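Everything below concerns the one structure shown next.
The values are calculated or read from the model by the stated rules, or taken from the named source; none is laboratory data. Bear in mind the structure is a predicted one, so any value in this text is a computation, not a measurement. FYI the Cβ positions are ideal-geometry reconstructions off the backbone, even for glycines, and counts take in every protein chain you see.
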Amino acid sequence: MHRSSTATASTSVTGFYTFLTQGLDDLLRSFHSHHFMSIHFLHHVLSSVRSFHSQLIAVVQKLHLPVGEKWLDEYMDESARLWEVCHVIKSGICNMESYYSAAVAIAATLENHHFLNPQVSRQVLRGINGCLRERVGLEEENRGLIRMRIEPLMMKFDKNVLIESKFNGFNGFRGVLFALRNTNSLLLMILLSGLVYCSPVTSFSSSCHSNNTAMNYSESKTVFGSGFMVSASRLHEKVMENEDGQNGVLLYEFWSARTAIEELKTEVERIRGTGMEFDVSERVEKLKSCFVGLQCGVENMIVQLDDFFDEIVEARKKLSDLCTHS
């Protein structure tokens with residue numbers, strides 16, 4: 001296929017569904033290749049949200065949509081939802097800063113005291129207990145974010161969508177926007193559960209519309225946008241299987257860091273009772289590695305979110321101008 005033909009296909013309505021399907025299949029492969037809710041996988045999820053949104057804008061510019069119609073309002077509503085949820089995600093991960101900063105400070109203290117004696121042990125335990133309080137505080141604050149700002153949005157991933165004539169509206173724009181909104185609901189729930197807080201509001205068993213009739217997606221010809229729906233449903237099922245009723249921040253690196261600090265606390269408490277000096281350098285290296293990894297991961301996520309906010313602003317202006325100048 002020539003370059004021009006490829007570009008035309010990718011910016012058509014059908015091409016958009018194919019783009020979604022391929023992107024979701026890539027995400028499923030990434031899910032299988034990494035730890036559950038790893039920062040690497042969640043970076044891939046956010047990158048997919050950005051690329052799907054960017055592709056929608058490219059498609060809209062090719063559809064010759066009418067001026068003064070509802071299509072622009074419908075896009076603005078979805079981009080406003082994206083904006084709101086991504087700001088909640090950013091707030092949630094910014095709340096981790098005090099937690100990992102406290103742990104990195106503990107590691108620095110221990111690096112200056114290669115061997116632990118009872119006096120240093122007491123100082124380190126105070127730091128560890130402060131760090132643990134930071135973790136409890138951030139989880140409580142993030143749970144509040146979900147309850148106050150996400151629950152009112154009533155975000156749901158719709159697994160069973162039949163073909164409806166309304167999806168053909170505005171030269172197929174309504175179908176494309178629905179596909180984006182439905183896919184976003186799934187991917188944003190993954191990001192919220194991994195990075196902010198997993199609760200009944202964001203759990204994958206409760207954040208999904210599904211009727212009581214089981215549907216075989218591979219055989220059904222009546223499911224709207226069947227390709228991307230099959231791929232999205234597979235990803236949803238895999239994430240739901242692994243979530244298994246867990247609550248809290250599900251980020252793998254967050255749990256690894258949590259384990260490292262709790263192991264260090266156990267070790268320091270054991271040492272303090274002996275009155276002897278012990279070498280804890282191995283524990284300190286693990287602690288430092290886990291928390292620096294957590295810090296780098298969430299800071300990179302913040303950079304990617306800020307870039308996405310700029311893209312949303314640019315896209316809203318672009319489509320508004322498209323309406324004005326058509």
Please work out if L82 is touching a residue at least 24 places away in the same chain (Cβ under 8 Å), touching a His at 6+ places or on another chain (Cβ under 8 Å) and either within 22 Å of V201 (Cβ to Cβ) or of a type outside the set (A, V, I, L, M, F, W, C) (or both). yes
Sole miss for I190 among (1) at pLDDT 90 or above; (2) over 22 Å from the mean Cα position of the chain (by Cα); (3) among the β-branched types (V, I, T) is condition (2)
State yes or no: is S256 modelled with pLDDT of 90 or more and not basic (K, R)? yes
If I ask for residues that are surrounded by fewer than 17 Cβ atoms within 10 Å (Cβ to Cβ) and under 17 Å from F254 (Cβ atoms), which ones from segment 131-146 would you list? R133, V136, G137, E140, E141
Any idea how many residues of segment 245-281 are in a helix (DSSP H, G or I) and touching a Ser or Thr at 6+ places or on another chain (Cβ under 6 Å)? 4
Within segment 291-312, does at least one residue satisfy the condition of being in contact with a Phe, Trp or Tyr (Cβ under 6 Å, 6 or more places away or on another chain) and of a type in the set (F, W, Y)? yes
Output the residues belonging to segment 193-211 that are under 16 Å from E237 (Cα atoms) and at pLDDT below 90. T202, S203, F204, S205, S206, S207, C208, H209, S210, N211
The helices (runs of 4 or more DSSP H) lying entirely within segment 33-130 that contain at least 3 residues which are surrounded by fewer than 16 Cβ atoms within 10 Å (Cβ to Cβ) and over 29 Å from the mean Cα position of the chain (by Cα) are 97-111
Name the residue, out of L110, L125, L138, L116, that is touching a residue at least 40 places away in the same chain (Cβ under 8 Å) and under 30 Å from I150 (Cα atoms). L138
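Given the criterion without any contact (Cβ under 8 Å) to a residue 24 or more places away in the chain and assigned to a helix (DSSP H, G or I), identify the matching residue among V298, V292, V303, V284.
V303
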For the list (1) surrounded by 15 or more Cβ atoms within 10 Å (Cβ to Cβ); (2) over 25 Å from M96 (Cα atoms), I need the number of the one condition that F291 fails. (2)
